[in-house]
1. Please determine whether any residue of segment B:164-171 is over 20 Å from the mean Cα position of the chain (by Cα), of a type in the set (Gly, Ala, Ser) and in a helix (DSSP H, G or I).
2. Please name all residue pairs, on different chains or six or more residues apart, with Cβ atoms under 7 Å, provided the first residue is in segment B:54-71 and is free of Cβ contacts under 8 Å to residues at least 40 places away in the same chain and the second residue is acidic (Asp, Glu).
3. Which of (1) of a type in the set (Asp, Glu); (2) assigned to a helix (DSSP H, G or I); (3) farther than 26 Å from A:THR89 by Cα does A:GLU502 not meet, given it meets every other one?
4. Pairs, please: C-beta under 9 Å, at least 6 apart or cross-chain, first residue at the interface with another protein chain (Cβ under 7 Å from one of its Cβ atoms) and free of Cβ contacts under 8 Å to residues at least 24 places away in the same chain and in segment A:183-194, second buried (at least 23 other Cβ atoms within 10 Å of the Cβ) and small (Gly, Ala, Ser)?
5. Go over the candidates A:LEU15, A:LEU50 one by one and state the one that is within 14 Å of another protein chain (Cβ to nearest Cβ) and out of contact with any strand residue (DSSP E or B) (no Cβ under 6 Å at 6 or more places or on another chain).
6. Scan segment B:90-107 for residues that are assigned to a helix (DSSP H, G or I) and surrounded by fewer than 24 Cβ atoms within 10 Å (Cβ to Cβ) and jot them down.
7. How many residues, within segment B:255-308, are closer than 30 Å to B:GLY149 by Cβ, free of Cβ contacts under 8 Å to residues at least 12 places away in the same chain and of a type in the set (A, V, I, L, M)?
8. Are any residues in segment B:215-237 touching a residue at least 60 places away in the same chain (Cβ under 8 Å) and in a helix (DSSP H, G or I), and if so, which ones?
Amino acid sequence: MDTKTLALLTLLFPLIGFIVNGLGSKKLPKSLISLIAVLMPLASFVGTILLFNAFNAQKEVKPLVLAYYDWIAVPGILVSFSLYIDQLTLLMLSFVTGVGTLIHLYSVGYMKEDEGYGKFMAYLNLFMFAMLMLVMGGNYLMMFIGWEGVGLCSFLLIGFWNKNRAYNAAAQKAFVMNRIGDLGLILGVIMIFILWNTSEYKDLQLAVDLSKNTYKVDSWQLVVVTLLLFIGAMGKSAQIPLYTWLPDAMAGPTPVSALIHAATMVTAGIYMVVRSNFLFSLAPTTLTIVLVIAIATALLAASIGIFQNDIKKVLAYSTVSQLGYMFMALGVAAYTSGMFHVVTHAFFKALLFLGAGSVIHALHHEQDIRNMGGLRKYMPITFITFAVGTLAISGIPPFAGFFSKDEILMNLYARNPILWGLALFGSAMTAFYMFRLFFLVFLGDFRGTDEQKHHLHESLLTMTLPLIILAVLSVGGGLLNIPEIFAKGGDKMAQFLAPIYETAKKLNPDLFKPHKISHSTEYALMGVSVAVALISIILAYVVFVAKKAVPKAETEQKGLAKVLARKYYVDELYDAIFVKPIEKFSKFLGDIFEIAIDFFVEGTGQLVKFLGGAFRKLQTGNVGVYVFAIVLGAVIWIAFNWLKSL
Amino acid sequence: MTALWLILVPLIASIIVFFIRSEQAKKVALVFSLLELALGLWIAYKFEAFAGMQFENKLLWIPSAGIAFHLGIDGLSIIPIILTVFLVPFIILSAFGNTYEKPNVFYGLILLMQASLIGVFTAQSAFAYYLFWEGALIPIYFIAALWGGANRIRVTFKFFIYTVFGSLLMLIAFVYMYMQTPGNHSDEASILALLQFDKTTQNVLFWGLFIAFAIKMPIFPFHTWQPDTYSESPAPATMLLSGIMLKMAIYSLYRWLLPILPAGTFNNAFLVTMLGIIGVVYGAIIAIKQDDMKRILAYSSFSHVGLMSIGLFTFQYVGMQGSMIQMLAHGINIVGLFFVVDIIQRRTGFRNLSDLAGLTQKAPVLTVFFAILLLGSVGLPLTNGFVGEFLLISGLIRAYWAEPTFALIFGAIAGLTLIFGAVYMIRMFQGAMFGEPNANASQMKDVTFTEALTLTPLCIMVILMGVYPNLFLKMSEPAVRDLLQSAMEKIR
């Protein structure tokens, strides 16, 4: 099979799954639905491996551009339906299909009892298709297909239990906030077309190279284009100010949170920026803005995470915060570090969410960590795997998160130690709130009802198997990119991804100068960050295990804690400055302004009617009046002519 | 095979149907509309994008005065013709679930309407065009006035007077232009396009024609007849109005405005663009808080048309092609959506969101159709709505790119349709279909076979046009290219 067909099949397998399961969701037996739903992403995973081989088998390793047909062809805008396979695509593909398959498998167990099982699995497949389109698309509009497609699936799955109006509201919020970002992205794409006449990644890199004297580094064109693209990333990857949809998105079933709202979709923004590195690298101003927003988001979300009591909300805010870390890396042009964290985060955050799902499942939809505790005894596999995930996200060596986060911290330090300090503060909070969660759920005594306690059980194999695999990956994921001080040539991912930065390196070499941090400093920084994490963990242990403190309800908090528990009142703020005024304006326009315009329209009609009525009165039928009018007219006419002749 | 047949088939059919005084009338009407669809598809198949005017008929009407009856199809006509022949059978089929009194008159009028619409889209001489333009108003007026809701008389009368007022200005403009033609005079579009008017005359004539089109589209602030008329008319009339009739006006910009009055169009482009952009945002914002689903769709249509109307005034291929494809897409989506609302209203007796909830429990298949049409309407990529909106916003930004800041601000404001569109469409969808089912929802039933037969082709088109828009873009491209080139030459 040639690569072109292979790539297309890899993309289309999940779509086939969606169509079959979507049409047969009520008719097909559950076992068949499960089989199709899991096999399709698995087939894409296999396809990815084959693509890897085909890619490496090239005589000269270069990106594969596979064009299928002209999608939109108008003079000035030619968009072909094309796929683009390079190192970045392959990296994204492998963890998206890999983690995706595991989560499909998990869902088989988790959603088995749900009446909408077939529909759910079909939606998951559709999501996989959209996500593959996003990473495989050969131009910005192909990416945009996937970009909006994953947004649609996110909408469908957040509001999956659609009888609940609150869930529907969360789904709508997610879709609309994403659309705000999407508008920015599409404007950016339109501008790319105007400036360079193409949006095919391959041609665009050449065009940007050719126009290097017209659009110089940090010229307004490049800054505006990249800022518009970044607005798209803000929406999809939940950065300030467009992050508030993600915590609400936890209304969806937990596998959805793991797949879409942690491991894959929300990292699309990072992927897009890395994909556009040859534009962002030429706009250092934009990178600085990215950096500032990323740090603010990471710290804001982490601080909110400390006071949340819903197990999924804690994880959601941690996702927002971790996405902030990834953008920090991009902000200092350490794209590979950002991608590295995307991958390890996919492992450990999917693990944490699935672990949380296992707990929620065992407790019959209990999500409040104040009603949990002591689950270690009842759910040993969930306990151990969750511990691995927690250690990984807290940055404890040798777990995966340690390596990826440390790389980001190192790059920040190289730029400016203050940045490093802020990021370190964030990771201290991360370790604290994650262990607060972990201790409250798994250690101590069970605080739920006797009824719940009676039913406590470890989850089925379809659910625990993905946990185990993800736990292994969360331990070993760091091996993908080991820092040089530990193993010479261990930075495999950096070597692998190096070719995708060639254009950027050529056009703005200053940005890619290797930093000069001595090995001793590097060891010291690592030591400090590990020590800070350990102190946070000990602190959490003292408070929540030794002292057995149980957090207060969000509504009972006081002072600063109240502000944090209420998420800085950002939702309320948005409601007051955007939602309410627009609704009021809508009412005003619909109820008052429309009538005012119509008044003029009707008024014209009334005027005609009035004049008609008035002139009708002239026709009195009285001959005397007519004669008088004729004479008067004649006199006026004569007088007029006489005056004119003067 | 010529354009005349496309008019004659529905015209003869309507006469036949008028005489069938039983429920059989609707079936006969359907058969004829399907025959018309077959003819239309045949023409679309035979159509050659680069061959200019095709399938022509040149009949003499009043030879002594140089008034011809010239019909023909080119790249500008083909898209709205496809739209018309495609939609009418499904509009007829969608009415099968309701019983209308005097079905012979009802279905006869729909076919008469189709004949007039095709006439508008094929006429190449001004007075024939005017005849069809006014001719289209009569059947739709009677359908709305005889089978409409409680306020139908007042509302349809306003609609009628308002549009006739516009048409009158258009007629005066046409007569004036006709009088300027040399020799024995001529009302051929191609001859009128050779006339050279000074700037003031162009401007006056521009407004004479444009107000007629602006009322019909409608464009802000000429739209106040529209929400009332849409909500008071019976569903098939609303579909004809929103799906096809408003495209008469958009199409006419391409056929009668730009070729004959290029400078007038160019000079007023900024003003019209502003009105269009205001309409986009204005309609969308009002749609957000409407309770009546038909009014939501009416305002959504108004908002979309605002963007479509901008297309030609961008003087960019991109924008003009965008508006061409968007005509087709919008017609399909809005007809489908009005049908969905009609189905809901038939079953439950309600169409206000405050009365509805949880319909999906009883109607999962309808939910899927609704969702697909909704996605088309909000312009999700790989559905038909995306291509047009993307091209239109691109065209708008390109048109003002000399001032990039303004261009991007205009683009962003017009692009608000992406955001607000999602807000009101999702609100409508979730409001009616989702939530805990209430008492009204117990009446709900899923789509019948006939209804599915209507909605399926519409939904297939939503996807097909999204996946392979080039199929349609190719048809109009050469014509749009010629039109723009010759217009730009004349302006210089």
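1. no
2. Hits for this filter: B:GLN54/B:GLU48; B:GLN54/B:ASP74.
3. So the condition that A:GLU502 fails would be (3).
4. A:ILE190/B:SER394; A:ILE190/B:GLY411; A:ILE194/B:SER394
5. Checking each option against the conditions leaves just A:LEU15.
6. Of the residues in segment B:90-107, the ones assigned to a helix (DSSP H, G or I) are B:90-97, B:103-107.
Scanning segment B:90-107 gives B:LEU93, B:PHE96, B:GLY97, B:PRO103, B:ASN104, B:VAL105.
7. The number of residues fulfilling the criteria is 0.
8. B:TRP225, B:GLN226, B:PRO227, B:ASP228, B:THR229, B:TYR230, B:SER231, B:GLU232, B:ALA235, B:PRO236, B:ALA237
The values are calculated or read from the model by the stated rules, or taken from the named source; none is laboratory data. Owing to the predicted nature of the structure, the values given are computational and were not obtained by experimental measurement. Note: ideal-geometry Cβ built from the backbone for every residue, glycine included; neighbour counts use all protein chains shown.
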